[in-house]
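These notes are about the structure you will find just below.
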Amino acid sequence: VHEENKAAANGCSKIRSGAQNGAALLALLEKTGYSMVQQNGQRKFGGPPPGWEGPPPPRGCEVFVGKIPRDMYEDELVPVFERVGKIYELRLMMDFSGKFIGVCVSLDNCRLFIGAIPKDKKKEEILNEMKKVTEGVVDVIVYPNATDKTKNRGFAFVEYESHRAAAMARRQLIPGVFQPWGHTIQVDWADPEKIVDEETMQRVKVLYVRNLMISTTEDTIKAEFNKFKPGVVERVKKLRDYAFVHFFHREDAVAAMSVMNGKCIDGANIEVTLAKPVNKESSWKQHFNGQISPNSENLLGFPNKEDGARKSLAKQTSLSVRLNGQHSPAPPGVERSTYPIFPGIKLTPISMYSLKLSHFSSAVMHLDYFCHKNSWAPPEYCLYSTTSQDGKILLVYKVLISSIVDNSQTSFMPEKLCTTVEDAKELAAQFTLLHL
């Protein structure tokens, strides 16, 4: 056993505080031939294992295991995980919870979300600022403001060369400590980009067009995309400053993407890519209670070749609001169980905004979270009513979204009425999220 292995194992015995001595770890290292090093608050077993040839395992081969008991270490964990298959690397964190373990796929995320950025900062300024304090920065993605293209939207995505670089950067960019341009920023993992298989993408004949002017109409977009070859566009659906352009044939969509990307329409340089289809397992849909209205299915880029499947899916995914007092089912993949509070369990006060989107099952809460992430004022709900022919009071909410920085305000109101206040508010929140 190498001296560094002995040092790591002996050092660990002090952390265990007598719960387990270093002999068990040394025996494990001698038995397996793996190495062990301790760095950055974690202890690494293997990576690569003895006799390993070739590159490391590809993305998707790692799982995250949480809530490991405080008195359990590699000598007990390795035999458990080896039942599944050969271990390439095991990294044990030094902060444990003492509860039942939880296992999920480890996301090899290389992108961070940076919020509360001054809206007058350009991409180059943000990129340089991130490179000053973090290593491994590859790119910065900045979206122009919907109403003023000279400003950003108050947030950016920072791409790093590896998951490790992104994780280290997340530790360094501590809100309140790191204050670029004198501003306290928000830092979190970006939602991982959805991966669509190549076979599905080969059938897509819908283009996603970004960075449009708010004033640009669907007719203008259709006319511009028809210029390079008249009559190829089937329809256009525009939402605020982006749109989906549907073509009759895929080859025309691919050609138009090449020709139109970077073109100027009404004074804005547009970005054009193939639209990524959304399937029913998509977490994007789950964020909206697992439901999308049938109309929105058509604008998200589903291949027309699968019209039958799409109609079936649209039928399953009718709007989730509890219309006429009928409760919608829980979103697929979202656990809605309750658990007992055992004696001795420590409860820690947290902010709602520190949670992930998967913790929200209602559009109302999701919209509040979304506004907070973008440094906007909380959504304002204005209630309106009318009377149906049979004398029922019908309700609808208008949602006002305000920007604290530039005092701009945008309103959203669905075209459906509800019989209860709760349903009307949920419908309005879903409608607003779909259009933001």
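The values are calculated or read from the model by the stated rules, or taken from the named source; none is laboratory data. What you see is a predicted model; the values in this text were computed from it and never measured. Cβ coordinates were reconstructed from backbone atoms using ideal geometry, including for glycine residues, and neighbour counts include every protein chain displayed. Note: areas computed on protein heavy atoms with side chains; ligands, DNA, RNA excluded. Shrake-Rupley method; radii C 1.70, N 1.55, O 1.52, S 1.80 Å.
Some observations on this one:
- The criterion of at least 2 residues that are at pLDDT 85 or above is met by the following strands (runs of 3 or more DSSP E) wholly inside segment 57-158: 63-66, 89-93, 111-115, 137-144.
- Counting only residues that are assigned to a helix (DSSP H, G or I), of a type in the set (Ser, Thr, Tyr) and in contact (Cβ under 8 Å) with a residue 24 or more places away in the chain, segment 342-370 holds 1 of them.
Conditions tested, residue by residue: (1) in contact with a Phe, Trp or Tyr (Cβ under 7 Å, 6 or more places away or on another chain); (2) free of Cβ contacts under 8 Å to residues at least 40 places away in the same chain; (3) in the same structural domain as Ser215 (by the TED database).
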{"position": "Pro118", "(1), (2), (3)": "yes, no, no"}
{"position": "Glu125", "(1), (2), (3)": "no, yes, no"}
{"position": "Glu135", "(1), (2), (3)": "no, yes, no"}
{"position": "Pro144", "(1), (2), (3)": "no, no, no"}
{"position": "Lys151", "(1), (2), (3)": "no, no, no"}
{"position": "Ala156", "(1), (2), (3)": "no, no, no"}
{"position": "Tyr160", "(1), (2), (3)": "no, no, no"}
{"position": "Ala166", "(1), (2), (3)": "yes, no, no"}
{"position": "Gln179", "(1), (2), (3)": "no, yes, no"}
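- Flag for Ser402 being at positive phi, surrounded by 14 or more Cβ atoms within 10 Å (Cβ to Cβ) and in contact with a strand residue (DSSP E or B) (Cβ under 6 Å, 6 or more places away or on another chain): no
- Only one of Asn407, Asn324 that is in a helix (DSSP H, G or I) and either modelled with pLDDT under 85 or open to solvent by 40 Å² or more (accessible area, probe 1.4 Å) (or both): Asn324
- Filter pass, Ser388 being modelled with pLDDT under 90 and within 26 Å of Leu357 (Cα to Cα): no
- Test result for Tyr242, at pLDDT below 90, within 22 Å of Leu434 (Cβ to Cβ) and hydroxyl-bearing (Ser, Thr, Tyr): yes
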